[in-house]
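A short write-up of the structure that comes next.
What follows draws every value from the coordinates through simple rules; no lab data is involved. Computed from a predicted model, the values in this text were never measured in an experiment. No Cβ is skipped: glycine too gets one built from the backbone with ideal geometry, and neighbour counts run over all protein chains shown.
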Amino acid sequence: MTSFRVLLAALFLSLGMPLAAQPAVTAFVRVNVLPMDSERALRNQTVLVSDGRVQAIGSRLSVPDGARIVDGGGTAWLLPGLADMHVHVGTRDELALLLANGITTALDLGEAPNAMVGRTRAAVARGDVPGPRLFVALAVDGSPRYGHLVVATPEAARWAVRLAKANGYDFIKVYNGLSPEAFAALVAEGREVGLPVVGHTVESLGLERQIAGGQVMVAHLEEFLYSFFRVPEGADPNSAPADSEIPRAIDYLRRTGTVVTADLATYQTIAAQRGRQDVVDAWLRLPEARYLAPSDRIAWRGSGYVRREGSLATRAAFLARFVDALADAGIPLISGTDAPTIPGLASGFALHRNLAALEAAGLSRYQVLATATRGPGAFIASTNPEAERFGTVAMGQRADLLLVAANPLDDLGTLQRPLGVMAGGRWHDAAALQALLDAIIARYAGATLSQ
Ligand SMILES: [Zn+2]
């Protein structure tokens with residue numbers, strides 16, 4: 001048996017693939033658990049994982065022989081792995097960055113390369129490539145302006161949905177320039193095959209008609225500025241709506257059960273770089289910028305937002321009050337970042353920026369954490385009922401877990417320094433996560449030398 005293992009290891013190494021040797025059972029012992037099913041903590045627990053799922057949680061569980069033991073020493077905290085529900089993932093390095101930041105689920109909202117949607121996702125699922133579970137949306141638009149797949153007619157829309165289904169996509173993401181007829185066809189065909197419609201404001205409709213027409217999720221907070229909130233005629237285009245507009249949005253979202261992407265840091269980051277090349281240059285000197293792909297580094301440096309006119313500070317402040325009100329009203333929120341497309345937001349690290357922004361906006365730390373755990377879990381459960389459940393620590397849930405040194409409900413900063421991450425039952429301790437990060441820097445250093 002042992003020699004067979006060695007042979008197998010040699011085979012995998014010769015193929016350049018990591019050997020995902022994982023014991024059958026992992027036992028987290030002496031851990032405090034934040035189940036995130038409600039605002040409560042369970043002290044000094046044992047959590048047993050096998051077959052990629054949480055099998056048992058208790059204070060008196062016995063640990064089976066041969067189990068791998070992860071000892072929390074009575075002080076470490078175990079919580080659901082985090083989710084970033086608005087990313088654009090192009091490479092395996094970006095998957096590694098997400099994982100190293102405690103992210104075990106990500107939603108790619110368009111532009112993922114075919115290889116990522118197809119074989120790389122499959123390799124992650126097998127354990128050959130370290131990364132989060134990735135849900136993907138196919139982005140469609142009515143014009144080629146933003147480079148998305150163009151669906152000009154209802155027939156093209158239905159064809160695009162079938163194509164997306166056949167190629168493993170999970171959602172259709174609608175973009176600004178669609179016609180009402182194409183939008184309606186996307187929703188209808190999407191219902192037929194099980195691909196829910198999410199995304200931006202469609203200018204020919206506006207959010208209210210989109211939601212009434214079947215769109216289940218809004219991909220940015222700022223979309224409400226473009227088509228939901230009423231602004232007085234002739235108002236400064238960068239001014240914010242009156243706060244008295246917020247209750248109408250809450251009523252509408254509550255009535256329709258719409259999920260909103262709470263990407264506050266995204267808009268704040270866009271606002272912070274208006275007219276400020278120095279701000280972008282300072283971001284490029286941050287430690288997390290070392291992990292940027294050279295192409296992203298160039299894109300950040302040339303940020304188009306820097307050259308736009310007018311301050312967005314009033315609008316950013318309004319969106320902070322808006323998202324705080326949404327959370328207090330119980331509107332389902334999911335954290336998202338748009339990383340790394342927005343200069344200043346690096347894959348993985350951006351989620352922690354967003355969580356900090358939500359806390360500063362007035363959400364409780366439990367509310368903040370819910371946007372990156374139970375919120376995304378509930379959203380996927382309702383839109384992709386076949387998918388394995390995640391987002392809470394509970395029996396039968398997918399074993400997507402994050403181990404940290406302190407209680408995140410006392411300090412969300414602890415989430416930035418994982419003691420380990422379990423993704424789909426595969427355990428990555430702090431040293432393994434650091435090795436993933438170091439390997440990215442080493443690869444980029446090699447790329448520079450060879451140029
Ligand atoms: Zn995006």
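Observations
- Rounded to the nearest 20 debye, dipole of region 300-400 from Cβ charges on Lys, Arg, Asp, Glu: 300
- Length available on full extension from Ala394 to Ala184: 0.36 nm per residue minus the Cα-Cα distance, which gives 71.8 nm.
- Our helix-only sum for the chain, with -39,500 (n - 2.57) per DSSP H run of n ≥ 4 divided by its residues, gives a mean residue ellipticity at 222 nm of -11000 deg cm²/dmol.
- Degrees separating the helix 246-256 axis from the principal Cα axis of the chain, which is the longest one: 60
- Extension gain, Ala406 back to Ala56 (0.36 nm per residue minus Cα-Cα distance, nm): 123.7 nm
- Counted charge near Ala432, where neighbours are those whose Cβ lies closer than 14 Å (Asp, Glu -1; Lys, Arg +1): 0
- For region 82-383, the dipole from Cβ point charges (+1 on Lys and Arg, -1 on Asp and Glu) about the Cα centre works out to 540 debye, to the nearest 20.
- Pairwise FRET efficiency - Asp65 versus Ser239, Cβ, R0 = 41 Å, nearest 0.05: 0.05
- For region 109-173, the set of trypsin sites (Lys or Arg not before Pro) satisfying both a DSSP loop assignment and a count of at most 11 other C-beta atoms within 10 Å is empty.
- Electrostatic bookkeeping for Asp328 treats Lys and Arg as +1 and Asp and Glu as -1; over the other residues with beta carbon under 15 Å from its beta carbon, the sum is -2.
- The translational diffusion coefficient of region 82-383, from Stokes-Einstein at 37 °C and 0.692 mPa s with a Kirkwood hydrodynamic radius over alpha carbon pairs, comes to 169 µm²/s.
- Full extension of the chain between Ile441 and Ser38 gives 141.1 nm of extra length, using 0.36 nm per residue less the Cα-Cα distance.
- Selected from Thr91, Pro237, Thr258, residue furthest toward positive end of dipole (region 82-383; charges at beta carbon): Thr91
- Proxy reagent accessibility, fewest Cβ within 10 Å first, across Leu419, Leu284, Leu351: Leu284, Leu419, Leu351
- Each of Gly199, Ala166, Gln277 was placed along the dipole of region 161-287 (beta-carbon charges, centred on the mean Cα), and the one lying farthest toward the positive end is Ala166.
- A Förster radius of 25 Å combined with the Cβ-Cβ distance from Ser204 to Ile250 puts the calculated FRET efficiency at roughly 0.50.
- Electrostatic bookkeeping for Arg230 treats Lys and Arg as +1 and Asp and Glu as -1; over the other residues with beta carbon under 12 Å from its beta carbon, the sum is -2.
- Most positive-pole-ward Cα, Ala317, Ser364, Gly177, against dipole of region 82-383 from beta carbon charges: Ser364
- Region 390-451, dipole about Cα centre (Lys/Arg Cβ +1, Asp/Glu Cβ -1), debye to the nearest 20: 220
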